[in-house]
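Q: Okay, handing you the structure first.
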Amino acid sequence: MALPLVQEFGFTREIEDRVMAPLPVWAVAVGKLLASAVQGLIAAAIVFPLAHWIPITPVHLQIVWVRLLTVLPLASVLGAALGLAIGTRADPRRVPLIFDVVVIPITFLGATYYPWAALHSLPWLQTIVLLNPLVYMSEGMRVSLTPWVQHMSLWGIYGGLIVFTILLGAWGIQGFSKRVLS
């Protein structure tokens, strides 16, 4: 969501066409957030079967459907909220810098390549990465697909997903309204 949004807020101000709808500006932002979340769910529906058929070595998953069907929508909305927050705060001329300063660090420190519990030997880092919303998304997928791997508690995962969705969603909607009305 961040890159298309940055373009819409760019030099051409394409966003002005979208906010001419007979809706409040915040509702347009919520619509963009939900559309982006649906795109995330569609991407997941495409990637999951590919992960089963493409790898040379077998992928052993033990899907816990209740967790997957609750974590996946929450993670999609959180990802959209993160994109909305970044996209409304980014200067269109500085988009490449976003990847260097934001995307790469949150990806590598987001427990995507390792379980969060594996950081137990570095307690200071294990605590700091809790400020990264990707940790909760990664741990949520991990507990849904590989429950035998050590992971964060379910309360922590769902709590983090919900809290960061609310915080980033509100911050993104506020930034959207501010950018549109400026």
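Q: Can you tell me which of SER153, SER76, SER144 moves the most in a GNM of the chain? Springs connect C-alpha atoms under 10 Å apart.
A: SER153
Q: Accessible area per residue, 1.4 Å probe, Å², for the range 23-101: what's the number?
A: Computed with neighbouring chains in place, this is 61 Å² per residue.
Q: Can you give the longest stretch of the chain with no exposed loop site, where a site means chymotrypsin sites (Phe, Trp or Tyr not before Pro) in a DSSP loop (not H, G, I, E or B) with at most 16 other C-beta atoms within 10 Å?
A: After excluding every exposed loop site, the longest remaining stretch is 12-112.
Q: Assigning unit charges at the beta carbon (Lys, Arg +1; Asp, Glu -1) and nothing else, what dipole magnitude in debye, to the nearest 20, does the chain show about its Cα centre?
A: 140
Q: For the range 72-144, how big is the tail of P(r) above 19 Å, as a whole percent of Cα pairs?
A: Of all Cα-Cα pairs in the range 72-144, 40 percent lie more than 19 Å apart.
Q: Tally up the carbon and sulfur contribution to the accessible surface of the chain as a whole percent, 1.4 Å probe, everything protein left in place.
A: 73
Q: Hey, another quick one. Which length gain, in nm to one decimal place, applies between ILE56 and HIS120 when the Cα-Cα distance is subtracted from 0.36 nm times their residue separation?
A: Once the chain is fully extended between ILE56 and HIS120, it gains 19.9 nm.
The values are calculated or read from the model by the stated rules, or taken from the named source; none is laboratory data. Just so we're clear, the structure is a prediction, and the values are computed from it rather than from any experiment. Glycine also receives a Cβ, built like all others from the backbone with ideal geometry; neighbour counts cover every protein chain displayed. Only protein heavy atoms, including side chains, enter the accessible area calculation; ligands, DNA and RNA are left aside. Shrake-Rupley method; radii C 1.70, N 1.55, O 1.52, S 1.80 Å.
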